[in-house]
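Written below as structure tokens is the structure these notes are about.
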Amino acid sequence: MNWKVLAVGALLIIPLVWVLAMGFGKDPRALPNVLEGKQAPGFALQTMDGDRTVDLAELRGKPVVVNFYSSWCVPCAQEHPWLVKVAPAYQARGVTFLGVIYNDEPVKVKAFLRRYGEAYPTLIDPAQRTAMDYGVAGVPETFLIDAEGRIARKFTGPVVPDQFLAALEALL
Amino acid sequence: MISLLGRAAILVALAACSVGAVAGLYGGWKGSAEAARWSRIMAWAFFGAVTVATGLMEYALLTHDFSVHYVSQVGSLDSPVWVSIVSLWSSLEGSILFWAFILGVYAAGQAWWTRDRFPAHSSWAMGMTLVIGVFFTFLVAGIANPFGLVDPAPANGPGPNPLLQNHILMVVHPPTLYLGYVGMTVPFAMGAAALLAGNINPAWSRALRNAMMVPWGFLTAGILLGGWWSYDVLGWGGYWAWDPVENASLLPWLTATAFLHSAMLMERKEQLKGWTLTLLMGSFLLTILGTFMTRSGVFNSVHSFTQSEIGPIFLGFLAVGLVFTVVLLAARIDKLAPPTEGLAGPVTRDVAFLAQNLVFTAITFTVLLGTVWPLLNEAISGERISVGEPYFNQWAVPLGFLLVFLMGVGPALPWGRPSASAMVTRAGLPALFTVLVVGLLLALDIRAPWPLAVFGASAFALWVTIGEMLAPGLARWRSTGGSLPIALWQASLKARRRQAGYIVHLGVILVAVGIAASSGWRHVHELTMIKNETTSVGRYTLTFLGSEAVQESHRTASVARFHVSAGSNELGTLEPRMNNYPRMGSPLPAPAVYSGPREDLYLSLVQVDPRTDLVSLQAVIQPMVWWIWFGGAVMAFGTVLAAWPARKGRPA
């Protein structure tokens, strides 16, 4: 018996089988959201036009929708016109809609907004600090923040219209 | 009725397999020719029974016999005939039955091939193949039984997964891959036989390499067809996404390729026996890992079957296989005869082989680690992360370059110790050619470092490979005179396996160039067009002619038509579409591609509504994608040439 071969083999097999066995009973498609139900990370960001700073803390008391997006992302272009369409009705009911640029240049984003419509301010996120705080893994991601400043719901990828509206109505 | 007959056939197959496995192992252990003969007869019986079972299932699918459980799950009266046929492998139970059938084909082939040779090993090997057959037939007989009776039978079924109905390549890609996966069983069994028998002679080494050539060829073709399918169906304009299941098919391919090379050292010098057998047996175990990945529901992938009971059983089988292999290697590795000849170094072909093996192993570990990392991370920290393309590309690009580089350098090096002057003559011209090619590319303002490096290494490898292929013929022509083409042809016939190997290398070079070019200069354009609008994309002019709704038996679709021209060249009409399947919530895009050796124009719809005159689409322009598929065909041709049995009376 060659003990070296046996030891190296055991070193490879045991962790591999253990890791695979741990995977059972978990849904690989469900990305857990550790943030849901927690206090939303604060931010104070400049709007793209540079005319004012939006501070999340000042928006307490009413729901807030934060949409991370960029001009180079196809699903963003797919969801954006729909968001622009539904935003005004909810803004009238006190909801604040905010876009946050993810990894993009304001010039390109402006062209994007000219093309797909603009109904709410877009904020500049220097060095992606806010995106990191929110654990954004890719765009688009959309966060619904309730009146107490907690993250009520997160959408990864383009928002699903029915679910988005239902979740937003629940906050009003 | 079919339920009953099918189940009976499977039970017969299980019995034949079990008896044959015991007979084969006993025959190996006791050296009994009679027991070995019985194991071969049982292998034939196993083949016959699974063929009947599979035939019955196809019959049930084609006649829409919804009283059969599997047909009630994947059959549909609306499916075209070809969709009904491929439904066999569209879902879990059918795919395992199909697996058992292919294993039956291989077992019968092995029984025939080894019937009158390799007396020391063939019985062990037959027994091992049938042991694995027992496992798969057991699955079909029990937990993954496709022949269950549905009473009362439903009037119609839902049809198979829409992704599988979306393209004709689904007829070819899965069976090819299965032929590769399942075929690994035979070399695994033969490797185990070498260890069980405690010796491995050059004849058995050669047999091992030949046995691996067949599944390796199918696996290569299957992976490339999968890339082609993904490119033609999924609509994102790529052919490889480092999806867990793509990785699962790549892993055994990597170790099998490494094996095919180190086996040459084993055959020639009886070197690296333990390592070579590890690669060989590891390749099979990685196919089981890959199957586990698709069938267990543990990994997130386009390929995943639904979460099922079968996962833990597969994991158990994998664990048993791993432990068996390691214990067997540990017990017998010191018994194998020592090398007849030492490895030469440092600048020799031996060392190039070792380096090649090292690089392949490094890629295998990188890909394996990246694939299981999300599971590992979750097991440790409870958080699920995903490992994306950047990780894989970061490693695969430099390691892939190294492989192309070694593919050029290896054959340029002599087997023995080279003299400095011999090196200059062997490597001088290819090096000059490389400098010329790279210089030309730089002059054309191509500056991307990795593609440039791959092109340079490919140029070197191309020259060396063609030089190596011509060398024997040229030598013959110089010594005997006469016609050059005839000398080349005759010398090639004499060294068929060698020439075939180099043809495979030529294919790899083409694939490498295609991958480097298409990933290096990929341009994505997003367009929104109104009817009759004309726009230009790259060197093409697109005119949107309009869209229409189409009703087909198993789906509805929106088809957009584009007229395409390049300069004054009319290239015709491209018709990308959006297919809607009743079982699927969101529509599936079916891209349209204008493909050629220079570049591909790839149109994939993002949004289309025939009621309006608007269409949104992605137009992707990628150079030289075509060369990947063409290189794949060259590789397949080379493999067939290498694996083709030699005429009787002449050694293979």
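The values are calculated or read from the model by the stated rules, or taken from the named source; none is laboratory data. Nothing here was measured: the structure is a model prediction, and the numbers come from that model. Note: ideal-geometry Cβ built from the backbone for every residue, glycine included; neighbour counts use all protein chains shown.
Computed quantities for the displayed model
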quantity: Where A:Arg114 falls short, out of the listed (1) within 14 Å of chain B (Cβ to nearest Cβ); (2) buried (at least 19 other Cβ atoms within 10 Å of the Cβ); (3) in a helix (DSSP H, G or I); calculated: (2)
quantity: Residue in segment B:212-220 that is of a type in the set (Ser, Thr, Tyr), touching a residue at least 60 places away in the same chain (Cβ under 8 Å) and surrounded by 24 or more Cβ atoms within 10 Å (Cβ to Cβ) present; calculated: yes
quantity: Residue that is modelled with the highest pLDDT [pool: residues in segment A:1-40 that are crowded, with 16+ Cβ neighbours inside 10 Å and more than 8 Å from chain B (Cβ to nearest Cβ)]; calculated: A:Ala40
quantity: Unique match (being outside the structural domain of B:Ala590 (by TED's automatic domain parsing), aromatic (Phe, Trp, Tyr) and surrounded by fewer than 14 Cβ atoms within 10 Å (Cβ to Cβ)) among B:Trp477, B:Trp489; calculated: B:Trp489
quantity: Top-ranked residue of segment B:308-331 - restricted to ones that are within 7 Å of chain A (Cβ to nearest Cβ) and under 13 Å from B:Thr294 (Cα atoms), ranked as surrounded by the fewest Cβ atoms within 10 Å (Cβ to Cβ); calculated: B:Pro312
quantity: Hits in segment B:578-602 (condition: away from chain A (no Cβ under 14 Å), in a strand (DSSP E or B) and of a type outside the set (Phe, Trp, Tyr)); calculated: B:Asn579, B:Asn580, B:Leu588, B:Ala590, B:Ala592, B:Val593, B:Glu599, B:Asp600, B:Leu601
quantity: Those helices (runs of 4 or more DSSP H) lying entirely in segment B:158-276 with at least 1 residues out of contact with any helix residue (DSSP H, G or I) (no Cβ under 7 Å at 6 or more places or on another chain) and of a type in the set (D, E, K, R); calculated: B:244-269
quantity: Candidates B:Ala53, B:Ala35, B:Ala43 - the one that is in contact with a helix residue (DSSP H, G or I) (Cβ under 9 Å, 6 or more places away or on another chain) and over 27 Å from B:Ala194 (Cα atoms); calculated: B:Ala53
quantity: Evaluation of B:Pro390 against (1) in contact with a helix residue (DSSP H, G or I) (Cβ under 7 Å, 6 or more places away or on another chain); (2) within 14 Å of another protein chain (Cβ to nearest Cβ); (3) not aliphatic (A, V, I, L, M) (one fails), failing number; calculated: (1)
quantity: Residues (charged (D, E, K, R) and over 15 Å from B:Ala23 (Cβ atoms)) located in segment B:108-154; calculated: B:Asp116, B:Arg117, B:Asp151
quantity: Enumeration of residues in segment B:148-187 that are of a type in the set (A, V, I, L, M, F, W, C) and within 14 Å of the chain's Cα centre (by Cα); calculated: B:Val172, B:Leu177, B:Leu179, B:Val182, B:Met184
quantity: Matching residues in segment B:111-131 - criterion: being in a helix (DSSP H, G or I) and buried (at least 24 other Cβ atoms within 10 Å of the Cβ); calculated: B:Ala111, B:Ser122, B:Ser123, B:Trp124, B:Ala125, B:Met126, B:Gly127, B:Met128, B:Thr129, B:Leu130
quantity: Residue within segment A:118-132 that is in a loop (DSSP other than H, G, I, E, B), over 22 Å from B:Val387 (Cα atoms) and over 18 Å from the mean Cα position of the chain (by Cα) present; calculated: yes
quantity: Residues of segment B:339-373 satisfying the condition of being in contact (Cβ under 8 Å) with a residue 40 or more places away in the chain and within 14 Å of chain A (Cβ to nearest Cβ); calculated: B:Thr361, B:Thr364, B:Val367, B:Leu368, B:Gly370, B:Thr371
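So that you can scan it fast, the table gives a plain yes or no per residue for (1) outside the structural domain of B:Arg555 (by TED's automatic domain parsing); (2) without any contact (Cβ under 8 Å) to a residue 60 or more places away in the chain; (3) more than 30 Å from B:Gln165 (Cα to Cα):
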site	(1), (2), (3)
B:Ala43	yes, no, yes
B:Leu61	yes, yes, no
B:Gly75	yes, no, no
B:Val81	yes, yes, no
B:Phe98	yes, no, no
B:Phe101	yes, yes, no
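Residue-by-condition table, conditions (1) touching a strand residue (DSSP E or B) at 6+ places or on another chain (Cβ under 9 Å); (2) crowded, with 24+ Cβ neighbours inside 10 Å; (3) of a type in the set (D, E, K, R); (4) assigned to a helix (DSSP H, G or I):
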site	(1), (2), (3), (4)
B:Ala8	no, no, no, yes
B:Ser18	no, no, no, yes
B:Ala23	no, yes, no, yes
B:Ala35	no, no, no, yes
B:Phe46	no, yes, no, yes
B:Val52	no, no, no, yes
B:Met57	yes, yes, no, yes
B:Tyr70	no, yes, no, yes
B:Ser79	no, no, no, no
